[in-house]
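Encoded as structure tokens, the structure appears first; notes follow it.
The values are calculated or read from the model by the stated rules, or taken from the named source; none is laboratory data. It should be emphasised that the depicted structure is a prediction, and the values quoted were computed from it without experimental measurement. Backbone-built Cβ (ideal geometry, glycine too); neighbour counts: all protein chains shown.
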Amino acid sequence: MNIKRLKNSGASWIPWLIPAMLFYVFFMAWPLLDSLRLSLYTGSLGTGRSFVGFDNFKQLFTVDRYAQRFQGAFIHTVIFFCIHMVVQNCLGLFFAVLLTNKLKGSAFYQTVIFLPVTLAVLVTGYLWKLLLNPVWSGPFLNQINLDFLVRPWLGDKNTALLCVSLVSCWQWIGIPVMMFVAALRGISEDYIEAASIEGASASVIFWKIKLPLVMPVVGMIAILTFVNNFNAFDIVFAMETVNGAPNYSTDLIGTLFYRIGIAGQHPVGIPDPGMGAAIAAIVFFILCLGVIPTLRATQGRN
């Protein structure tokens, strides 16, 4: 390669991409493609693998011991995602609007909101598990006349998934808040001043000017939430178990994948990497179906 000619062509930046490209191919692209290949096999390296085509996918939707758990995990993951979209992202936008409206002490509030993000998920899950345990929190709540809150929140299948989802929202709300704050502060004051001169109220300015201008950021946050929630595992592992206790009510696709593909699902207890790869492949295609339309709808707008 002629270095001088490469510099003169304006493409001198290409060699600097090679290390990053090699890292991406070997540690991201190749494992992804290999997992798609693995979904067409059954068995393991120890017992021997055999090609079964799409039989893993067929079993996942037709065999009861797989289909029932996969359907439940998928529904719980969708609910988990919807709670994050409504609570985490809507509150994140609300807090960002407050923080950018010349709120006194906004720097302090930004720090407080972002602080949970710096905590390890296992630490967060363990602390909230103690707070939601009636044995630990019951005496204090009874003293301040909040005894109606004393109940086994994580032991009730009707409330366990909601509690886990809200704890996750509490920890990660700082990220959309900071992204929305950056986007709102990037809006030119000329638009706001012109609308104010025309007599537009604060609500009209938000809905007609600010929100359309930050829509690309809204789309990006929605994509990040979608991808992260459909790969969620650690918060359920920290607050419940990998079985999605109680009675699989907090079972997500991430925990189902771990049980089947890595740990081995009870009562068999033997890992099935092929079936686990099939679950991962389905999640990959679900993410593509959600991410690509969202990118086309929200990015590149003026």
Enumerated helices (runs of 4 or more DSSP H) restricted to the stretch 38-137, each holding at least 1 residues that are polar (S, T, N, Q) and in contact with a helix residue (DSSP H, G or I) (Cβ under 9 Å, 6 or more places away or on another chain) | 55-62, 64-83, 106-114, 121-131
Just to be sure, is D234 surrounded by fewer than 18 Cβ atoms within 10 Å (Cβ to Cβ) and in contact with a helix residue (DSSP H, G or I) (Cβ under 7 Å, 6 or more places away or on another chain)?
-> yes
Taking the stretch 124-166, which residues are touching a residue at least 24 places away in the same chain (Cβ under 8 Å) and more than 17 Å from I83 (Cβ to Cβ)?
-> Y126, K129, G155
Would you be able to say whether some residue in the stretch 60-71 is modelled with pLDDT under 90 and farther than 30 Å from P246 by Cβ?
-> no
Residues of the stretch 70-108 being over 15 Å from the mean Cα position of the chain (by Cα), of a type in the set (S, T, N, Q) and surrounded by 14 or more Cβ atoms within 10 Å (Cβ to Cβ), in sequence order, are T100, S106
